[in-house]
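The block underneath contains the structure these notes are about, expressed in structure tokens.
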Amino acid sequence: MARLCDLPEAMAEHLRSLPLPEFDDTALAAGPPLAERRVAIVTSAGLVRRGEDAFAPGDADYRVIPGDVQGADLLMSHISVNYDRSGFVEDTNVVFPIDRLRELEAEGTIGSVAEHHYSFMGATDPEKMAAPAARVAGHLAADRVDAVLLTPV
């Protein structure tokens, strides 16, 4: 990931001047112990399954990733030239830690791994993502997910 100080000054200034939306604070919610929680992954890595359409620049929608997906079946379509994909190429768990969740489930640290996980495209206007994020929240609730691992890219 590039730092602002490493970018050409014009690009750094452009990024500094972008408006940031404000969101209401949400209080933390109580819930069951981790060993009873159903966990899903939500990432902004722009992940798609082989054969799916890649994310387009500014795409605010999401892709559904089945819980039984194999890392070799995932492709990263994140468009940022400032993102180093070499870690993902070596181990998909760097941005989509599905194997680690399966291990945590097997050892009883978490209750279960969700049936589905969700991928968005990072570097997208958050206000455009509000409606798709609300749909994902509905899917998570329907899958009885009560913990989400966010992997921002």
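Would you call Ser80 on the phi < 0 side of the Ramachandran plot, in contact (Cβ under 8 Å) with a residue 40 or more places away in the chain, within 14 Å of the chain's Cα centre (by Cα) and surrounded by 12 or more Cβ atoms within 10 Å (Cβ to Cβ)?
Working: on the phi < 0 side of the Ramachandran plot: yes; in contact (Cβ under 8 Å) with a residue 40 or more places away in the chain: yes; within 14 Å of the chain's Cα centre (by Cα): no; surrounded by 12 or more Cβ atoms within 10 Å (Cβ to Cβ): yes.
Answer is no for this residue.
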Confirm whether Glu36 is out of contact with any Lys or Arg (no Cβ under 6 Å at 6 or more places or on another chain), surrounded by 10 or more Cβ atoms within 10 Å (Cβ to Cβ) and of a type in the set (Asp, Glu).
yes
Residue within the stretch 51-62 that is under 9 Å from Ser119 (Cβ atoms) and touching a strand residue (DSSP E or B) at 6+ places or on another chain (Cβ under 8 Å) present
yes
Take Asp59 and decide whether it is surrounded by fewer than 13 Cβ atoms within 10 Å (Cβ to Cβ) and charged (D, E, K, R).
no
What is the number of the single condition among (1) closer than 30 Å to Pro19 by Cα; (2) open to solvent by less than 30 Å² (accessible area, probe 1.4 Å) that Asn93 does not meet?
(1)
Output yes when any residue across the stretch 115-127 is at pLDDT 95 or above, open to solvent by less than 20 Å² (accessible area, probe 1.4 Å) and out of contact with any helix residue (DSSP H, G or I) (no Cβ under 9 Å at 6 or more places or on another chain), and no when none is.
yes
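The values are calculated or read from the model by the stated rules, or taken from the named source; none is laboratory data. Bear in mind the structure is a predicted one, so any value in this text is a computation, not a measurement. Positions of Cβ are generated from backbone atoms using ideal geometry, with glycine treated the same way; all protein chains shown enter the neighbour counts. Accessible surface areas use protein heavy atoms only, side chains included; no ligands, DNA or RNA. Shrake-Rupley method; radii C 1.70, N 1.55, O 1.52, S 1.80 Å.
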